[in-house]
Amino acid sequence: MEQQIDENLRRVYSDTANEPLPDRFTKLLDQLRQKERDKSDTSPEDDS
Amino acid sequence: MTSHTDPKDELVEHLPAMRAFAMSLTHNSATADDLVQDAVVKAWSNFDKFTPGTNLRAWLFTILRNTYYSLYRKRRREVADPDGTMAGQLSEKPEHDGHLAMTDFRDAFAQLTDEQREVLVLVGAEGFSYEDAAEMCGCAVGTIKSRTNRARKRLAELMQIDDDDELEMTDAATMAVVQGTNAS
């Protein structure tokens, strides 16, 4: 029973996990990186 | 030091899983994505507290669940009957048997408590160890084990009670779950 529940769980779960990532998250990460870059302008660059 | 992989670069790989976890907690894709966004921002400003080499996904999941419990759970209760609306949407008759079985399962899953859904995702779907899950949830390993067992049992019960009239249409896996309870 345990196995079958987990099987269903993984199917439902992977439905969402396999969806393409919405743009808002790539944009968010870009923004966070940009903010970090602005902040560390005074320190030596760590972005290669 | 700069040659070491920056965990920030790996964050994006965990976003799909974070969305799935958030979805299982909130049952609403818009809220789930808001929750993930909040968790990502929080993680970003706390990356100095992440120990490189340890489980990044576990760390991110911990932040996500803490964000959920501190902000979203309350919000969700304040919204009138989000579960009822969701359950209504989810129980619409789909065309395929396989899909129906999935919505049955989702229906039942949505009726579990936050703690039960959480532990099933962490242990059942993500495959975290009981020890990791215990650390992430801030409770004892024994608590996680018994919570997992109770959640599985409850899930099987819910599917049996709620889907009596649809049993003939569910797929083999779901049938087996239901029969498993009967047999025990």
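The values are calculated or read from the model by the stated rules, or taken from the named source; none is laboratory data. These numbers come from a predicted model, not from an experiment. All Cβ positions, glycine included, derive from the backbone under ideal geometry; neighbour counts span all protein chains shown.
Please verify whether B:Gln111 is at pLDDT below 95 and touching a Leu at 6+ places or on another chain (Cβ under 6 Å), treating the condition exactly as stated.
yes
Just checking, which of B:Thr26, B:Thr54 is touching a helix residue (DSSP H, G or I) at 6+ places or on another chain (Cβ under 7 Å), among the hydroxyl-bearing types (Ser, Thr, Tyr) and modelled with pLDDT under 95?
It is B:Thr26.
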